[in-house]
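Read-outs throughout are calculated quantities, based only on the coordinates presented, and are distinct from any laboratory measurement. These numbers come from a predicted model, not from an experiment. Here the Cβ positions follow ideal geometry from the backbone for every residue, glycine too, while neighbour counts run over all protein chains shown.
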Amino acid sequence: MRRGIIPAVSSLALTLLVCVTAPLVNAEGVTISWTSPTTDHLTSVSMVSASDGWAVGNGGVIIHWNGVSWTTVASPTTSPLGSVFMVSASDGWAVGGGGVIIRWNGVSWTTATSPTGSWLRSVFMINANDGWAAGADGAIIRWNGISWANVTSPTTDHLTSVSMVNASDGWAVGENGTIIQWYMGQWVPEVPSVFIVPIIMTVTLLAVAIHKRRSKPPIVET
């Protein structure tokens, strides 16, 4: 039995080795293999297409995928970058430590004016003229096509991710189970079920009482 295990394990190891080290072939039949140009911790990646993508990370590192390989691109900051979001091949944003915000203009990454010093951990763009970023201490900022500005937040918990459905609906989440929603022009907190259940029960009982009162046959005097 033991002698039979060794060849099986060796065969499995060889198969894994071949799969890991062998180059890939894409749908067009082009052979692709890659190595990372950095040893820095990478925190976020955003792809424009199969041949155009970006990743960011610690130390302000920025790398770019051109469909064949990843290469390091000059960064305007040494602050850690926590999130990147590409709107198009010529427009993208990245945010990070100390409220740093940088933008890709199709040629280079440049620093943008930030309205906050809080650690920004997530950025999401609806389009070129509307986007959001969120981070430490519940910080929320919005891009209006011209500048970034602070938006009132219903929480002081650290927010770790923001995602928008459209301009009027979106969500952000964070520590301690925090969930907030962009609704009717403002960010509103999740209402704990400990409050919702009693309210629902009260409304239900009230509705039943009203229904019974209305359905009770009138008293006819004789």
Legend entry - Cβ crowding within 10 Å averaged over residues, with 69-77, 90-98 ranked highest first: 90-98, 69-77
Inset, instruction - Subtract the Cα-Cα distance of residue 89 and residue 68 from 0.36 nm times their separation in residues, and report this length gain in nm to one decimal. - result: 5.9 nm
Inset, instruction - Could you please tell me the mean projected area of the C-alpha convex hull for segment 38-192, averaged over all directions and given in square nanometres to one decimal? - result: 8.9 nm²
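With a Förster radius of 45 Å, plug the Cβ-Cβ distance of residue 169 and residue 38 into 1/(1 + (r/R0)^6) and report the FRET value to the nearest 0.05.
Numbers: r = 36 Å, r/R0 = 0.81.
For residue 169 and residue 38, the calculated efficiency is 0.80.
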